[in-house]
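> So that we are looking at the same thing, I have put the structure below in C-alpha cells.
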Amino acid sequence: MTFRQRHLLGIEGLAPDEITAILDLADSYAALNRRERKHSNALSGLTQINMFFETSTRTQASFELAGKRLGADVMSMAMQASSVRKGETLIDTALTLNAMNPDLLVVRHPHSGAVDLLAQKVNCAVLNAGDGQHEHPTQALLDAMTIRRRKGRLHRLSVAICGDIAHSRVARSNLLLLGRMGNRVRLIGPPTLMPAGIAEFGAEVFDDMREGLKGVDVVMMLRLQKERMDGGFVPSEREYHHRYGLDADKLAHAGPDAIVMHPGPMNRGVEIDGALADDLSRSVIQEQVEMGVAVRMAAMELLARNLAKTSE
Amino acid sequence: MTTLFLNARLIDPEADTAPPGWLLIRGGRIAATGTDAPPDTDGARIDCGGHCLAPGIVDVGVKIGEPGERHKESFRSAGLAAAAGGVTTIVTRPDTTPALDTPEAVAFVLRRANEAAPVNIRPMAALTRGREGREMTEIGFLTDAGAVGFTDCDRVVADTRVFARALSYARATGALIMAHPQEPGLSRGAAVTAGRFASLKGLPAVSAVAERMGLERDMALIGMTGARYHADCISAACALPVLERARADGLDVTAGASIHHLTLNAQDVGDYRTFFKLKPPLREEDDRQAVVGAVASGLIDMISSFHTPQDEESKRLPFGEAASGAVGLETLLPAALRLWHSGDLSLTQLFRAMSLAPARRLNLPGGRLSRGAPADLVLFDPDVPFVLDRFALRSKSKNTPFDGQRMQGRVIRTLVAGRTVYGRGAAR
C-alpha cells in the first residue's frame, strides 16, 4: 500500500493505488464506526484545525468527528466571523495558524485554488474540504467508497452525474476519480450548467435526462443552488424539476439495480423527488454521510503517517 | 560631436533589411547609415561586435503608478526598467488614480516624467471623465497638452451613444482612440478563458467570442463615425476575421497584441499562478499561434508589453481575487526574441511591430533608422541565454510570468537622442 501525498488538495494529483489505499483503510474505519466504542488513537497527540471560510454543517461535523474518533485535538474555526472580516489576507491567517503548530489543517474556501495557495505557506498537512468550484476530494472519495461497497467494485461501472455540473466541485472531483479508476461517466444537465470543454475529460454529455440515464449503474444527483434557479441559468424551479429532477419515472431508464446518490443538502422536489430520496432500496444518501466520517478518518491518518516520515 | 557605431547588424524595419553596416549619430540624430566602409570621423567610435542595432522600442500602453500608486511603479523606476529593456519611448496609460483626464494632469505627467525618467514618456489620456463612460474628456485641450491617444483602458465604454459621440468628436481633432475590445456583459467577473483548463480548475471563465463581439461593435461604430481607431490587444483567433474585414472596408483601424499573449497560453496558469492572470485572459494555443501569424502577416500592427505593475499584496491572493496584469518593460525584448528563435518572426518584423508601427501610428519621431530620425537605439545580442530572476528587475513591482524561465537576448546599450541611458558609460 502506498500513499505518497503530503496534502490532500484534490483528486487530480492522486494515483489509482493511492485512492485504493484510502478506501481500504476507510473500510476498516467504517467497521469501527459501527461499534459501540468508536475510538482509535491513530492521531493521538496531533492537532487538527478546521478552517471554514464558507459555511458548512455536514462536512465540518464529519471532519470534526473523524478527528475526535482518531484521538486528535480538534478545533473548528468559523472564519467568516474572524479576522478575515477585519481585512486580514488568507496568507496571513494561514501563517498565524501555522505558528500554533497544527498537524492537520482542514480548509474550505469560496475561491478555487485558495486551498492550494494556503498549502504552499504552511508546514502541516492540508486537506481540501472544498475550494470554490474546483475540487472536493473527500466527497468524491466517500462517494467512491459507497459505490464500491454497494456494487462490489469501482471499475467498469457506468455513472451518471446530473444537474449543475458547471458550479460543482463535487462533480469535478467525482469525474476525475471515476475516470481514473476506469469507469464510464455521463454528465447530464442543461447546457447552461455544463462547463465548456468538459467532454474533453472523457465524459459523455447529455442534455436529455432519460437518454443519459439509460442503463447506468449509479445516478449521482447534484444540488442546484437557489440563486441559480430564477431565470439566470434555468427558467424556473418547476421547469428544472420537470426536465432534470430525478423521480421514479426517469429512474426507470437507469439499470434495474441502479443506486441513487446525493451529496446533500437536498432540495426535495427540485433536483430529486422526496419519496425517491427516502426509498432505502434505491437511495444510499444516508450511507454516503456515514462513509464520509470513515473516509476522512482514513485520509487524515494516511497524511499523518507521511507527516511522521518527513519529520524523522 | 559625433558617435560612430561600426561593425553592427542594422535592423531596419522600414527597409525590411538587416545587413551588416555602420551608423553615425550627430547632435542626437541619425546622420547617416551605410553598409560600405565606415567613414573617417574624429568623434567617438563604438565597435558593436557584430551585434544587432535596432530602432528603440516604442511601448504603447504602459501603466505607471503616478499619480496614485507610486509604490507600485514610479516614472523613475519605469524609466530605468525601460532603458534596460531597450524601450526608448513609453506611451503611458491613463488608468491611474485619479484617471488622467485633464490637461493639467497631462502637463504634470510630462513634467514629472522628464525630470525622472531617462527615456521618452508620452501620455495617453482618458476618453471619458474618470473613465466612467459617461462624458467625453476635453479631447482638443488634452491633445494640445501632449496626449498622444485616448483610451479608457480595460473599461469598455458600454454606452454606445457615449462612445459614438466621442468617436465622432475625436475625428475632427484627428485624435487616435485606443479601445479594449470586449463585450462587457459576457466577460463580467471572468478570470480565465473558457475551455478545458478553466473547467478543470473551476475558475470563472469567458469565451474568446466576447473579444470578437467587442471588436465587431467597435468596427460598426468606426464605419459610422470615421474615427482613427486602435484595438489595444487582440488575443483571440475568432477576432482576426473582423479585423480583416475592417481593413478591406478601408477603415482607419490598427491593432496590437501583447507579448504575453504571443508567448504564453491558458495552460501556463497551472496551479493558480496569479502572475499569469491577465486582461484579456491568456488564450488557447490555437489562438496564440493565430495571433503570431497575424503579426507576421501585418494584420496585427504592434506588439506591446502592457506593463502593469502590481505589488505582492495584490497578487498573493486566491486566483479569483488577485489583480490582473504583468510587468513587461524589461522582458519585452527577450520574450519577443522567442518568436525569432522559434522561426515565427524575423528581426525586422519584430521591430516593425515594436518600434516602427507604434511610432508611425502615434505620430512620434522615433522607431526608424533613417537619416534625421532621433538617435533612439538599442544595441543587443539576441542569443545570450539567461534565467530570469524577477527580483533582479528594475521595476518596483516584480510580477512577471517569466520568473525562473530560460530566455535569450541581452540589451548591451540603449540610447535616447544619442545619449547612452543603459549600458557602459550610461549617465545616472
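> Could you tell me how many of the residues in the stretch B:266-275 are touching a Leu at 6+ places or on another chain (Cβ under 9 Å) and either among the basic types (Lys, Arg) or crowded, with 21+ Cβ neighbours inside 10 Å (or both)?
4
> For the stretch A:207-240, enumerate the residues that are over 14 Å from A:Ser158 (Cα atoms) and among the hydrophobic types (A, V, I, L, M, F, W, C).
A:Met209, A:Met221, A:Leu222, A:Leu224, A:Met229, A:Phe233, A:Val234
Residue-by-condition table, conditions (1) part of a strand (DSSP E or B); (2) open to solvent by less than 70 Å² (accessible area, probe 1.4 Å); (3) modelled with pLDDT under 95:
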{"site": "A:Val216", "(1), (2), (3)": "no, yes, no"}
{"site": "A:Val219", "(1), (2), (3)": "yes, yes, no"}
{"site": "A:Leu224", "(1), (2), (3)": "no, yes, yes"}
{"site": "A:Pro235", "(1), (2), (3)": "no, no, yes"}
{"site": "A:Pro256", "(1), (2), (3)": "no, no, no"}
{"site": "A:Gly264", "(1), (2), (3)": "no, yes, yes"}
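> Quickly run through the stretch B:302-352 and pick out the residues that are closer than 30 Å to B:Asp16 by Cα and of a type in the set (Lys, Arg).
B:Arg338, B:Arg352
> A further question on this structure: Name the one entry in A:Leu142, A:Leu65 that is touching a helix residue (DSSP H, G or I) at 6+ places or on another chain (Cβ under 9 Å), modelled with pLDDT of 90 or more, open to solvent by 30 Å² or more (accessible area, probe 1.4 Å) and outside any strand (DSSP E or B).
After applying the criteria, what remains is A:Leu65.
> Here are B:Arg122, B:Arg161: which of them is free of Cβ contacts under 8 Å to residues at least 60 places away in the same chain and open to solvent by 50 Å² or more (accessible area, probe 1.4 Å)?
Testing whether each residue is free of Cβ contacts under 8 Å to residues at least 60 places away in the same chain and open to solvent by 50 Å² or more (accessible area, probe 1.4 Å) leaves just B:Arg161.
> Applying the selection to the stretch A:36-56, what residues are open to solvent by 30 Å² or more (accessible area, probe 1.4 Å) and either outside any loop (DSSP other than H, G, I, E, B) or without any contact (Cβ under 8 Å) to a residue 60 or more places away in the chain (or both)?
Answer for the stretch A:36-56, where residues must be open to solvent by 30 Å² or more (accessible area, probe 1.4 Å) and either outside any loop (DSSP other than H, G, I, E, B) or without any contact (Cβ under 8 Å) to a residue 60 or more places away in the chain (or both): A:Glu36, A:Arg37, A:Lys38, A:His39, A:Asn41, A:Ser44, A:Gly45, A:Thr47, A:Thr55.
> Out of all the residues in the stretch B:329-350, is one or more open to solvent by 10 Å² or more (accessible area, probe 1.4 Å), within 14 Å of chain A (Cβ to nearest Cβ) and not charged (D, E, K, R)?
Among the residues of the stretch B:329-350, not one is open to solvent by 10 Å² or more (accessible area, probe 1.4 Å), within 14 Å of chain A (Cβ to nearest Cβ) and not charged (D, E, K, R), which makes the answer no.
> Related question: Out of curiosity, is A:Val205 open to solvent by 10 Å² or more (accessible area, probe 1.4 Å), within 14 Å of chain B (Cβ to nearest Cβ), at negative phi and part of a strand (DSSP E or B)?
On the way: open to solvent by 10 Å² or more (accessible area, probe 1.4 Å): yes; within 14 Å of chain B (Cβ to nearest Cβ): yes; at negative phi: yes; part of a strand (DSSP E or B): yes.
Judged against the criteria, A:Val205 is a match.
> Go over the candidates B:Pro38, B:Pro67, B:Pro103 one by one and state the one that is open to solvent by 10 Å² or more (accessible area, probe 1.4 Å) and in contact with a strand residue (DSSP E or B) (Cβ under 6 Å, 6 or more places away or on another chain).
Only one candidate passes the filter, namely B:Pro38.
> Mind listing whichever residues of the stretch A:68-102 are closer than 25 Å to B:Ser314 by Cβ, more than 14 Å from chain B (Cβ to nearest Cβ) and modelled with pLDDT of 85 or more?
A:Thr96, A:Leu97, A:Asn98, A:Ala99
> Looking only at the stretch B:173-180, decide whether some residue is open to solvent by 50 Å² or more (accessible area, probe 1.4 Å), away from chain A (no Cβ under 14 Å), among the hydroxyl-bearing types (Ser, Thr, Tyr) and outside any strand (DSSP E or B).
There is at least one residue in the stretch B:173-180 that is open to solvent by 50 Å² or more (accessible area, probe 1.4 Å), away from chain A (no Cβ under 14 Å), among the hydroxyl-bearing types (Ser, Thr, Tyr) and outside any strand (DSSP E or B).
> Of these, B:Thr92, B:Thr96, B:Thr88, which one is in contact with a Gly (Cβ under 7 Å, 6 or more places away or on another chain) and closer than 19 Å to B:Asn399 by Cα?
After ruling out the rest, the residue left standing is B:Thr96.
> Let me ask another. For B:Ile30, which of the numbered conditions (1) within 19 Å of B:Ala359 (Cβ to Cβ); (2) part of a loop (DSSP other than H, G, I, E, B); (3) touching a strand residue (DSSP E or B) at 6+ places or on another chain (Cβ under 7 Å) fails to hold?
(2)
> Are any residues in the stretch B:46-61 surrounded by fewer than 14 Cβ atoms within 10 Å (Cβ to Cβ) and in a strand (DSSP E or B), and if so, which ones?
The answer is B:Asp47, and nothing else.
> Here's a follow-up. Looking only at the stretch B:4-26, how many residues end up being of a type outside the set (A, V, I, L, M, F, W, C) and either open to solvent by less than 20 Å² (accessible area, probe 1.4 Å) or modelled with pLDDT under 95 (or both)?
So the count comes out to 2.
> Tell me which residues, restricted to the stretch B:196-248, are of a type in the set (Val, Ile, Thr) and more than 14 Å from chain A (Cβ to nearest Cβ).
Restricting attention to the stretch B:196-248, the residues satisfying the condition of being of a type in the set (Val, Ile, Thr) are B:206, B:209, B:222, B:225, B:234, B:242.
Once the filter is applied, which keeps residues that are of a type in the set (Val, Ile, Thr) and more than 14 Å from chain A (Cβ to nearest Cβ), the stretch B:196-248 yields B:Ile222, B:Thr225, B:Ile234, B:Val242.
> State which residue is farthest from B:Arg410 (Cα to Cα) when the search covers only the stretch B:83-95 and only residues that are touching a Lys or Arg at 6+ places or on another chain (Cβ under 8 Å) and among the β-branched types (Val, Ile, Thr). Before the answer, list the steps.
Within the stretch B:83-95, the first condition is being touching a Lys or Arg at 6+ places or on another chain (Cβ under 8 Å), and the residues that meet it are B:84, B:89-95.
If we keep only those that are among the β-branched types (Val, Ile, Thr) too, we end up with B:89-92.
Details: B:Thr89: 18, B:Ile90: 19, B:Val91: 23, B:Thr92: 24 Å.
Of everything passing the filter in the stretch B:83-95, B:Thr92 is farthest from B:Arg410 (Cα to Cα).
> A follow-up question, please. Which residues, taken from the stretch B:188-238, are in a helix (DSSP H, G or I), without any contact (Cβ under 8 Å) to a residue 24 or more places away in the chain, open to solvent by 10 Å² or more (accessible area, probe 1.4 Å) and under 30 Å from A:Ser168 (Cβ atoms)?
Looking only at the stretch B:188-238, we keep the residues that are in a helix (DSSP H, G or I), and these are B:196-201, B:209-225, B:237-238.
Keeping just the survivors that are without any contact (Cβ under 8 Å) to a residue 24 or more places away in the chain gives B:196, B:199-200, B:220.
Still in the list and also open to solvent by 10 Å² or more (accessible area, probe 1.4 Å): B:196, B:200, B:220.
B:Arg196, B:Leu200 - these are the residues of the stretch B:188-238 that are in a helix (DSSP H, G or I), without any contact (Cβ under 8 Å) to a residue 24 or more places away in the chain, open to solvent by 10 Å² or more (accessible area, probe 1.4 Å) and under 30 Å from A:Ser168 (Cβ atoms).
> Next question, about the same structure. Which of (1) touching a Ser or Thr at 6+ places or on another chain (Cβ under 7 Å); (2) without any contact (Cβ under 8 Å) to a residue 12 or more places away in the chain is the odd one out, the single condition B:Asp40 does not satisfy?
(1)
> As an exercise: evaluate A:Ser173 against (1) surrounded by fewer than 24 Cβ atoms within 10 Å (Cβ to Cβ); (2) of a type in the set (Ser, Thr, Tyr); (3) within 11 Å of chain B (Cβ to nearest Cβ) and give the number of the one condition it does not meet.
(1)
> Would you check if A:His111 is in a loop (DSSP other than H, G, I, E, B), surrounded by 24 or more Cβ atoms within 10 Å (Cβ to Cβ) and either within 14 Å of another protein chain (Cβ to nearest Cβ) or within 15 Å of the chain's Cα centre (by Cα) (or both)?
yes
> Also, quick follow-up: Please work out which one of (1) open to solvent by 20 Å² or more (accessible area, probe 1.4 Å); (2) farther than 24 Å from A:His242 by Cα; (3) within 11 Å of chain B (Cβ to nearest Cβ); (4) not acidic (Asp, Glu) is the condition A:Arg153 fails and give its number.
Tallying (1) open to solvent by 20 Å² or more (accessible area, probe 1.4 Å); (2) farther than 24 Å from A:His242 by Cα; (3) within 11 Å of chain B (Cβ to nearest Cβ); (4) not acidic (Asp, Glu), A:Arg153 fails exactly one: (3).
> Here's a check for you: in the stretch B:293-324, which residue that is open to solvent by 10 Å² or more (accessible area, probe 1.4 Å), over 20 Å from B:Val62 (Cα atoms) and part of a helix (DSSP H, G or I) is modelled with the lowest pLDDT? Talk me through it step by step, then tell me what you get.
Applying the first criterion (open to solvent by 10 Å² or more (accessible area, probe 1.4 Å)) to the stretch B:293-324 yields B:293, B:296-299, B:301, B:306, B:308, B:310-314, B:316-317, B:320-321, B:323-324.
Next cut, over 20 Å from B:Val62 (Cα atoms) only: B:293, B:296-299, B:313, B:316-317, B:320-321.
Of the ones still in play, those that are also part of a helix (DSSP H, G or I) are B:293, B:296-297, B:313.
Values: B:Gly293: 98, B:Ala296: 98, B:Ser297: 98, B:Glu313: 91.
Per the criteria, the residue is B:Glu313.
> If you take the residues of the stretch A:189-200 that are more than 12 Å from chain B (Cβ to nearest Cβ) and outside any helix (DSSP H, G or I), which of them is farthest from A:Arg223 (Cα to Cα)?
The residue in question is A:Pro190.
> Continuing with the same structure: So in the stretch A:177-188, with the set limited to residues that are in a helix (DSSP H, G or I) and open to solvent by 30 Å² or more (accessible area, probe 1.4 Å), which one is farthest from the other protein chains (Cβ to nearest Cβ)?
Only one residue tops the list, namely A:Arg180.
The values are calculated or read from the model by the stated rules, or taken from the named source; none is laboratory data. These numbers come from a predicted model, not from an experiment. Ideal geometry is used to build each Cβ from the backbone, glycine not excepted, and the neighbour counts take in all protein chains shown. Just so you know, the surface numbers come from the protein's heavy atoms only, side chains and all, with ligands and any DNA or RNA stripped out. Shrake-Rupley method; radii C 1.70, N 1.55, O 1.52, S 1.80 Å.
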